[in-house]
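The values are calculated or read from the model by the stated rules, or taken from the named source; none is laboratory data. What you see is a predicted model, and the numbers here were worked out from it, not measured in a lab. Please note: Cβ atoms are built from the backbone with ideal geometry, for glycine as well, and neighbour counts cover all protein chains shown. Ligands, DNA and RNA are stripped out before the accessible areas are found, and what is left, the full protein with its side chains, is counted by its heavy atoms. Shrake-Rupley method; radii C 1.70, N 1.55, O 1.52, S 1.80 Å.
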Amino acid sequence: MSTALITNELPASSRRWLIATAGLVLTVAAGIYAFKAAENASAILRWRDLIQSVARGENVYNEWTKDGSFPYPPYAGLMLWPLTLLPPLVAGLTWFVVKVCMAALSVRWSIRLAHGDEQKLSLTALAALLILAGRPLLSDLGHGNINILILFLTTAGLVAFRNRRDWLAGGAIALAAAITLTPGLFVPYFAYKRQWRVVA
């Protein structure tokens, strides 16, 4: 499903080949991640108790607990809190699947932003793109972290800006920047472009 989001403009034979290859890679990655999640070695599962503490309104930032500390603002914990209501392995695998979908959408949107809506990306170019982007995406999937969520929010903001939905663009990028500061680099860019509604 996720690869189909990226490849639906390719010829049918090329699409089948790419979907099969990506499906195999994701199946192997999911299997490896399932073993990690079963041993509580995934970030989302290590943070489970801390996220539940954040949802109860407790301060988890003043002390270094035996489980480490939650490295993101409280509302990031609230966004992830529904996952902590699931059994640990189910929560980890659900997070994995959600991130695969977000990564696929982010890649598709990035292609549209860089390549245009009317032009089609060749199979060779798409395969090269997936190979180059695959390592960091698979790494984040394997660790259970939230970098793909930040990528998704930032890309969604850029797509919204392209579609002249300035408030949505600014809101999505602001949400990503409030989790980690890197997407905030777009603020000077939008200020330079005098896109004041996005900046606001």
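Taking the alpha-carbon centroid of each part, what is the distance from the range 119-197 to the range 16-53 in angstrom?
Each part's Cα centre sits 22 Å from the other's.
Please label the shape of the chain as rounded, prolate or oblate, based on the square roots a ≥ b ≥ c of the eigenvalues of the alpha-carbon gyration tensor (a/c under 1.5 means rounded; beyond that, a/b larger than b/c means prolate, else oblate).
Oblate, since a/c reaches 1.5 and b/c is not below a/b.
Excluding ligands and nucleic acids, what accessible area in Å² is computed for residue 61 using a 1.4 Å probe, to the nearest 10?
Ignoring ligands and nucleic acids, residue 61 comes out at about 100 Å².
Give me the net charge for the shell around residue 164: Cβ to Cβ below 14 angstrom, other residues only, Lys and Arg +1, Asp and Glu -1. Could you put the intermediate results ahead of the total?
Numbers: positive: 162, 165, 193, 197; negative: 166.
Here the count lands on +3.
What is the sum of charges, Lys and Arg at +1 and Asp and Glu at -1, for the other residues whose Cβ falls under 14 Å from the Cβ of residue 83? List each step's numbers first, then the result.
Working: positive: 46, 48, 99; negative: 49.
Taking every Cβ under 14 Å from that of residue 83, the sum is +2.
Give me the accessible area per residue for the chain, probe 1.4 Å, as a whole number in Å². Walk me through the numbers on the way to the answer.
On the way: 11460 Å² over 200 residues.
Ligands and nucleic acids excluded, the result is 57 Å² per residue.
Can you give the relative contact order of the range 27-165 as a percent, counting alpha carbon pairs under 8 Å and 6+ residues apart?
32 percent
Please report the carbon-and-sulfur percent of the accessible area for the chain; probe 1.4 Å, protein heavy atoms only, DNA, RNA and ligands left out. Write out the running numbers ahead of the final one.
Numbers: 7390 of 11460 Å².
That share works out to 64 percent.
Calculate for the chain the 222 nm mean residue ellipticity that helices alone would give, adding -39,500 (n - 2.57) per DSSP H run of length 4 or more and normalising by residue count, nearest 500 deg cm²/dmol.
Roughly -23500 deg cm²/dmol at 222 nm, from the helical runs in the chain.
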